[in-house]
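Coordinate-derived values only; no laboratory data. Bear in mind that the values here come from a model prediction, so they are computed numbers and not experimental data. As a convention, Cβ positions derive from the backbone with ideal geometry for all residues, glycine included, and neighbour counts pool all protein chains shown.
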Amino acid sequence: MAGVKSAFDAVNCNSLYTLLSNNGVLLEMINLIQDRMTYIKATVHTRHEQSEPVRFNAGVQQGVPPSGP
């Protein structure tokens, strides 16, 4: 079950931004990552319908560069 649990881990965004800054990542890049992680919306698609957009306030999108390998 550890694999399933880690698939839904949340990221402390402020800690991430501090870590990036402390490791020399340019503020412009941090701002891009912050924008990408702040305005996350998703919809659910079924065969005949699509839901209204739902906004997410935590976590990292999967399959995008900040999610890692």
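Here are some notes:
- Summed side-chain charge close to D35 - residues other than D35 whose Cβ falls under 15 Å, Lys, Arg +1, Asp, Glu -1: +2
- Histogram of C-alpha separations across the range 9-58, 10 Å bin width, %: 22, 38, 23, 13, 4
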